[in-house]
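Comments concern the structure below.
The values are calculated or read from the model by the stated rules, or taken from the named source; none is laboratory data. Given the structure is predicted, the values throughout are model-derived calculations rather than measurements. Every residue, glycine among them, receives a Cβ derived from its backbone with ideal geometry; neighbour counts consider all protein chains shown. Please note that ligands, DNA and RNA were not included when accessible areas were found on the heavy atoms of the full protein model with its side chains. Shrake-Rupley method; radii C 1.70, N 1.55, O 1.52, S 1.80 Å.
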Amino acid sequence: MFTASHHAAWRHVLSLSRLREGENVIVLGAQAGRNQYKSIAVQVARELGGEPAYLEVENPNRLPKSAIPALRSADLLIDLSHAHDPLIRQLGQDGVRTLTVLEPPEILERMLPQQSDKARVDSAQKCIKAARKMRVTSAAGTDFEVALGELKGNSQYGFADDPGHWDQWPGAFVTTYSNDGSAQGQVVIDEGDILFPQKEYVRSPIKLLIEDGYIKAIEGGVDAKLLKATLESYNNPEVFAVSHLGWGLSRNCRWDALSYYNKQDVEGQDGRGFYGNFLFSTGPNLSGGGSRRAPLHLDIPLMGCSTFLDGVPMVVDGVVIPEDQRV
Ligand code: FE
């Protein structure tokens, strides 16, 4: 049973997701998952006039043929499983809105999205689309540059309102993909920065030396050795590629949140969406329209960085600069 405030939060987010009278809603769960929101998602979707059904599959990364007609019938897919089957992207191309919900209830409520978050994220994405160069620096030693313009970015703001939009409640941030082979320089993952999916705070700085779009060397202490071992274990050069890049615009994130949870109980949107972070990542670029597949994707939010687009500051020392992106 959830509290009245949690119920109100679901109503708020499904309303922001423009759930309309008569729409088909599929709530997707995984057999081995906790699926803690299956009842409340169905209940609130019904209260708002939708036609909800709960669908549970064995493996959400390989959706069975029998589930496809139901998923295709959805106007809004509420994904409690974080499905990575390619069908999800295809559903988006066909106009299905997807809202992924994974975080524990108190994080969903603390980071409750607002309509105004979308406007701030849209402003940031507009800047990214117009830019041809992104440069990121930090006092810890990051000095990194990429060319932009060939691939597209993704915006997240915590609700799935527009046809085909994929989002996750909660989290507001913008990302883009660099032109293939263009990333150059070094990224220093400093003490206290976060590694996903490891869900670990870094305890000793890791220096990534990047040439022509790929990490060529990893230097540092124990954390660097662990990261290097992880990447090398795949025997696949594409896991060393630079993936999406961007910055966080969420209100009410807590950088320390991850330290209070067991790993299986938390997803990490506090770190990914943290206001003024630099979100670096590695691996694939499929969702930017590129062709690179990789068996591993790391999200690495960094604190205290400065991010510039064609020389114009978006974030300086972790502070968001453009007026229309600020809280
Ligand atoms: Fe990512």
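Using Cα pairs closer than 8 Å and at least 6 residues apart in sequence, work out the relative contact order for region 4-102, in percent. For region 4-102, the relative contact order is 30 percent. Multiplying each eigenvalue of the alpha-carbon gyration tensor of region 115-325 by 5 and taking the square root yields semi-axes of 24, 20, 17 Å, largest first, rounded to whole angstroms.
So, for region 115-325, what is the accessible surface per residue at a probe of 1.4 Å, expressed in square angstrom?
Per residue, region 115-325 has an accessible area of 40 Å².
Taking all Cα pairs closer than 8 Å and separated by 6 or more residues, the relative contact order of the chain comes to 15 percent.
By the rule of a C-alpha distance below 20 Å, with chain neighbours fewer than 8 residues away ignored, the aspartates and glutamates paired with LYS65 are GLU56, ASP75, ASP79, ASP85, ASP94.
Placing +1 on each Lys and Arg Cβ and -1 on each Asp and Glu Cβ, with no other charges, gives region 4-102 a dipole about its Cα centre of roughly 140 debye. When the Cα positions of GLN93, MET134, SER66 are compared along the charge dipole of the chain, SER66 comes out farthest toward the positive end, with charges on each C-beta of Lys, Arg, Asp and Glu. When the Gaussian network model of the chain links Cα atoms closer than 10 Å, the mean-square fluctuations of ILE194, ILE68, ILE215 top out at ILE68. Placing unit charges on the Cβ atoms only, positive for Lys and Arg and negative for Asp and Glu, gives the chain a dipole magnitude near 300 debye about its Cα centre. Ordering ASN235, MET314, TYR260 by the projection of their Cα atoms onto the charge dipole of region 228-327, which places +1 on the Cβ of Lys and Arg and -1 on the Cβ of Asp and Glu, puts ASN235 at the extreme positive end. Checking the cross-link pairs LYS133/LYS216; LYS207/LYS228; LYS129/LYS152; LYS199/LYS228; LYS133/LYS228 against a 18 Å limit on the alpha carbon distance flags LYS133/LYS216; LYS133/LYS228 as lying beyond it. The residues of region 1-81 present an accessible area of 51 Å² per residue when probed at 1.4 Å with all protein chains retained. Per-residue SASA remark: HIS82, around 50 Å² accessible (1.4 Å probe; ligands, DNA and RNA not included).
As a fraction of the 1.4 Å probe accessible area of region 4-102, surface on carbon and sulfur atoms comes out at 46 percent. Protein-only accessible surface at a 1.4 angstrom probe places the residues CYS127, CYS253 in the order CYS127, CYS253, largest first. Applying both filters, DSSP loop and at most 12 other Cβ atoms within 10 Å, to the GluC sites (Glu not before Pro) of region 20-69 gives GLU21, GLU58.
Within region 4-102, the ratio Rg/Rh, alpha carbon atoms throughout and Rh by Kirkwood, equals 0.94.
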